[in-house]
Amino acid sequence: MAVAAEAPPVDERLGSPRLLDRLVVRPEIGALLGALLVFVFFSVVTEQFLSPGGVATWLDDASTLGIAAVAVALLMIGGEFDLSAGVMTASTALVTAILSTRLGWNVWIALLASLAFALAVGAFNGWLVMRTGLPSFIVTLGTFLGLQGINLGVTRLVTGTVQVSGMRGAEGYESAGYLFASTFDIGGTSFRVSILWWVLVTVVASLVLVRTRFGNWIFAVGGAAQASRAVGVPVVRTKVLLFMTTAGAAWLVGSINILRFTSVQANQGITLEFQFIIAAVIGGCLLTGGFGSAVGAAIGALIFGMARQGIVYANWNSDWFQLFLGVMLLAAVLVNNALRRRAERVRR
């Protein structure tokens, strides 16, 4: 009687990856679970959270933070930090406001001038980091202090105060305000157009990161800059462009703010840079670079918005929000490190 040959053992690595393994390699999975938890919690605690007006409010809160956080996430994936991003939102708003209200420039031309200013500062940050080899933390801390001094000094010199106002009467305000600071209605509820800008920035950044050669370069220079240079990756150009991207996102946030509120304080934006970084870390970025996602940073900003407004709706003391940030940051770092180790094992 013939004996059937025993089937050879199948290597599990050749089979289809399990759903859990596919999810683990996504940097934003931890942030997504955190966002669901925060959403469910405040939905139960307060009825106003899920009202149309409530949703519009926490989406608006998250939008401007999310725009900058997505750009900061790209920079962190590339292995660098930008501590000047927060104060840059005020610097660009001040440039736009001073040129429009004091020198009589058309708002659109003033916006272009402030964009050029932001990109120049971003390029300088990137060039100085790569030229000197100094940590970006130190370089951009210097830029942060410099911009803060310029904001206060120039504003006092021009206006005699620390505030610039009067944007509503500037030429070109109506059309610029429509693009950057208008609202749109859904079901009778007004939502800020900054939410659409946030979605657009997130989609573009995600496509660049996962669908383009430049996106591959970002992961490469953040994971192993020297090895990347050895195989032809333009490390200097990539990092300079990332710093310029962060500055450009700060310009967009500053433009939205100045056109929405029509005035700006010289000391605005201070400490925002830490919120941008925290949102990116909550979204899956590692402080060591080479890991993260734009979608994750957007979700991190969403968690910010939901928590900040949820605490208000629950009538809790706003000081608890700082505790929430600290807990979320530590939890995110631990979870991200664990997810990356698991992802590395899955990919082997």
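If only residues of segment 200-210 that are at pLDDT 95 or above and open to solvent by 80 Å² or more (accessible area, probe 1.4 Å) are counted, the one that is nearest to Val240 (Cα to Cα) is Leu207.
Filtered by the rule that a residue be of a type in the set (Ser, Thr, Tyr) and either open to solvent by 40 Å² or more (accessible area, probe 1.4 Å) or closer than 24 Å to Ala249 by Cβ (or both), segment 159-187 gives Thr161, Ser165, Tyr173, Ser175, Tyr178, Ser182, Thr183. Regarding Ser190, is this residue more than 30 Å from Val235 (Cα to Cα), part of a helix (DSSP H, G or I), of a type in the set (Ser, Thr, Tyr) and open to solvent by 50 Å² or more (accessible area, probe 1.4 Å)? Criteria not met by Ser190. Within segment 132-158, the set of residues being under 22 Å from Val72 (Cβ atoms) and open to solvent by 80 Å² or more (accessible area, probe 1.4 Å) comprises Leu134, Phe137, Ile138, Leu145, Ile150. For segment 299-324, a residue qualifies if it is open to solvent by 10 Å² or more (accessible area, probe 1.4 Å) and within 18 Å of Leu33 (Cβ to Cβ), and the qualifying residues are Ile299, Leu302, Phe324.
Could you check segment 176-192 and list, in sequence order, the residues that are touching a residue at least 24 places away in the same chain (Cβ under 8 Å) and within 15 Å of Phe261 (Cα to Cα)? Ala176, Gly177, Phe180, Ala181, Arg192, listed by residue number.
From the list Val208, Val199, Val204, the one residue that fits, being assigned to a helix (DSSP H, G or I) and in contact with a Phe, Trp or Tyr (Cβ under 7 Å, 6 or more places away or on another chain), is Val208.
Selection of helices (runs of 4 or more DSSP H) fully inside segment 1-115 by the criterion of at least 1 residues being at pLDDT 95 or above, among the hydrophobic types (A, V, I, L, M, F, W, C) and buried (at least 18 other Cβ atoms within 10 Å of the Cβ) returns 52-77, 85-101.
The values are calculated or read from the model by the stated rules, or taken from the named source; none is laboratory data. From a predicted model like this one, the values you see are computed outputs, not experimental measurements. Note: ideal-geometry Cβ built from the backbone for every residue, glycine included; neighbour counts use all protein chains shown. Side chains are part of the model used for accessible areas, which takes the heavy atoms of the whole protein and leaves out ligands, DNA and RNA. Shrake-Rupley method; radii C 1.70, N 1.55, O 1.52, S 1.80 Å.
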